[in-house]
Amino acid sequence: MNKELRILILEDSPADAELEEHELKNAGLVFTSTVVDTREAFLKTLDEFSPDLILSDYDLPSFDGLAALRIAKEKCPDVPFILVSGKVGEEFAIEKLKEGAIDYVLKGNLKRLVPSVKRALEEAKLITDRKCSEEALKNETLRRSILMDRSLDGIAILNQEHELVEVNQRFAEMLGYTPKEVIGLHPWDWQAVMTEEEIRSNFVDLTKINVVFETRHRRKDRFITAVLPEVYILKGDHGLYKRQ
């Protein structure tokens, strides 16, 4: 944890807030903190401070931890929220965990605070990393879709069973099909030269093939055309079939 953390502490007792900060500093955590004790200050700090972690007392004179938890889950759902309370019963703790709190720590047992904080930050990082990966995959899928649709070449992606799993509009048009009709077809469905046995024999592993060859394709209307397709390696267990 080399990054300086931003910790928002909702606490009406300055002494209790200092004890929490002391525990974290003794553990070597590098952080800057802001202590608030009202709803207005909590809302303002969420927006302006952008905390990485929230530590919240449960019972405050004009505000409470449950209301703070609900606000935090709405405004910054990925920021871990830990309740630090003077007295927490088992039923209460279970209820708050269901509400979205990462953990709860008793003020009389602050030795649990550091392990709880570290675990919460690790879980938050995993969630953030997963969302970043999902977003990157989504963007890559969109980028590939745009490139395929704008290509003047017919492009198709086949799985290891030689089944078409994705095609662009141009490829479908070359065979006289719609993109929806062509999904699920196999090369021997449009090959006018090679049989299924020959195709399976010559193209055993689509992830290890990089070849250009001359052949003939049979369109949906049974018309035969000469083509010069290229078969490329794709990441994973798919191969790319490109027809000019």
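Key figures for this structure:
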read-out	value
When residues of region 84-105 are limited to those that are at pLDDT 80 or above and within 19 Å of S13 (Cβ to Cβ), the one farthest from the chain's Cα centre (by Cα)	S85
Criterion: more than 23 Å from T128 (Cα to Cα), under 31 Å from the mean Cα position of the chain (by Cα) and of a type in the set (F, W, Y) - qualifying residue of F42, F49, F81	F42
Scan of region 50-77 for residues that are touching a Lys or Arg at 6+ places or on another chain (Cβ under 6 Å) and at pLDDT 90 or above, ordered by number	P51, D52
Output for region 66-88, where each listed residue is within 17 Å of L126 (Cα to Cα) and not β-branched (V, I, T)	C76, P77, D78, P80, F81
Residue list for region 133-163, filter: surrounded by 12 or more Cβ atoms within 10 Å (Cβ to Cβ) and free of Cβ contacts under 8 Å to residues at least 40 places away in the same chain	R144, S145, M148, D149, S151, E163
Residue selected from region 3-25 under the condition assigned to a helix (DSSP H, G or I) and in contact (Cβ under 8 Å) with a residue 12 or more places away in the chain, by the criterion surrounded by the fewest Cβ atoms within 10 Å (Cβ to Cβ)	P14
Test result for R39, touching a helix residue (DSSP H, G or I) at 6+ places or on another chain (Cβ under 9 Å), over 17 Å from L60 (Cβ atoms) and surrounded by fewer than 18 Cβ atoms within 10 Å (Cβ to Cβ)	no
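The values are calculated or read from the model by the stated rules, or taken from the named source; none is laboratory data. All figures in this text were calculated on a predicted structure; none of them were measured in a lab. Backbone-built Cβ (ideal geometry, glycine too); neighbour counts: all protein chains shown.
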